[in-house]
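Student: Pasting in a structure now, in structure tokens, and then I'll have a few things to ask.
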Amino acid sequence: MQSNRVPSLNSIATSMRSTEAPPIFQRDRERVSLEHNCFCVSLLFNGRPGKEKHVTLVHGRCMNDIIDQGATIKLAPWHYTKDNPFPQLHIFEVHGRDLSGWWAEIEPNVMAFLPFAGRTGLDANDVACLIAESQFPSKALVIWCEDRLKESNFCSDDVIASLPSDLLDCVGPSFACGKRKLSIANDRGLDSRPLFSVYEIDRDLVRSVA
């Protein structure tokens with residue numbers, strides 16, 4: 001099956017980059033670190049690749065700057081669910097060129113940013129977690145993702161539709177109900193360690209970000 005390459009959005013737009021972080025005495029370092037950790041834990045809890053190595057802290061910017069860049073934003077799909085461990089932390093999914101990914105303003109003018117595919121791409125376990133929207137995907141789902149990495153050229157605009165029927169019970173709630181779409185391709189990483197590109201989107205936003 002021929003398909004367009006899944007977008008790989010792993011850099012922050014030049015206009016969003018700070019030229020200089022504020023002096024450390026202007027920030028409560030411990031509080032920023034705590035909020036940063038909450039951002040990572042919230043993502044991991046819901047199956048997203050929230051390891052700290054994937055997350056960038058952006059100083060001197062706020063959510064209004066993202067809106068001014070013309071991006072489309074929406075609260076994370078788990079915000080109003082029981083699977084939100086930190087309901088006071090507002091995490092947004094953002095769609096808009098190099099801004100696409102998960103964002104949260106963790107302190108005034110300090111933002112945490114995670115591209116949908118992390119900085120370098122996702123391995124089989126990461127993608128299984130994402131499909132399951134859980135830290136603990138089934139072994140069968142991990143094996144299916146491992147097999148897709150071994151294929152010479154795998155790409156799916158809607159990976160849930162590509163799953164065998166016996167794995168559909170492993171799919172996370174916002175994908176299972178058809179509300180969200182997940183595109184993946186095994187086109188990242190080195191030959192010795194292939195990785196996935198991923199891009200997810202709320203179907204209600206498809207037209208507005210096309």
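The values are calculated or read from the model by the stated rules, or taken from the named source; none is laboratory data. The shown structure was predicted, so the numbers you read here are calculated from the model rather than taken from an experiment. Glycine gets a Cβ as well: all are built from the backbone with ideal geometry, and neighbour counts include every protein chain shown. The protein model used for the area step is the full one, side chains on, heavy atoms only, and it has no ligands, DNA or RNA in it. Shrake-Rupley method; radii C 1.70, N 1.55, O 1.52, S 1.80 Å.
Student: Sequence-distant or interchain residues sharing an amide H contact under 5 Å with F154, placed H: which?
Tutor: N186
Student: Tell me, what is the FRET efficiency for E30 and N125 to the nearest 0.05, using R0 = 41 angstrom and their Cβ-Cβ distance as r?
Tutor: Details: r = 31 Å, r/R0 = 0.76.
E between E30 and N125, to the nearest 0.05, is 0.85.
Student: Kindly report, to the nearest 10 Å², the accessible surface of W78 as traced by a 1.4 Å probe over protein heavy atoms only.
Tutor: 10
Student: Another one. Please compute the length gained on full extension between D68 and L44, using 0.36 nm multiplied by the number of residues separating them and subtracting their Cα-Cα distance. Before the final figure, lay out the partial values.
Tutor: Details: separation 24, 0.36 × 24 = 8.64 nm, distance 2.86 nm.
Extra length available between D68 and L44 comes to 5.8 nm.
Student: Still on this structure: Keeping every protein chain present and rolling a 1.4 Å probe, give me the accessible area per residue for segment 66-210 in Å². Don't jump to the answer; show the numbers that get you there.
Tutor: Working: 6880 Å² over 145 residues.
Ligands and nucleic acids excluded, the figure is 47 Å² per residue.
Student: On a full-extension model of 0.36 nm per residue, what is the gain between Y80 and R203, subtracting their alpha-carbon distance, rounded to one decimal in nm?
Tutor: Details: separation 123, 0.36 × 123 = 44.28 nm, distance 1.79 nm.
The Y80-R203 span can extend by a further 42.5 nm.
Student: Can I ask one more? Any aspartates and glutamates with Cα under 13 Å of the K150 Cα? List them, leaving off those in the same chain fewer than 8 positions away.
Tutor: Output for K150: D123, D187, D191.
Student: Which length gain, in nm to one decimal place, applies between N37 and Q88 when the Cα-Cα distance is subtracted from 0.36 nm times their residue separation?
Tutor: Full extension of this stretch gives 17.0 nm more.
Student: Got a sec? What order do C177, C129 fall in by accessible area at 1.4 Å, biggest, i.e. largest, first?
Tutor: Heavy-atom accessible area, descending, gives C177, C129.
Student: Another question, if that's okay. At 1.4 Å probe size, with the rest of the protein present, what percent of the exposed accessible area of segment 97-166 is carbon and sulfur atoms?
Tutor: Numbers: 1310 of 2870 Å².
Here it works out to 46 percent.
Student: Which whole-number percent is the relative contact order of segment 49-194 (Cα, under 8 Å, 6+ apart)?
Tutor: Working: 205 pairs, mean separation 29.5, N = 146.
Over segment 49-194, the number comes to 20 percent.
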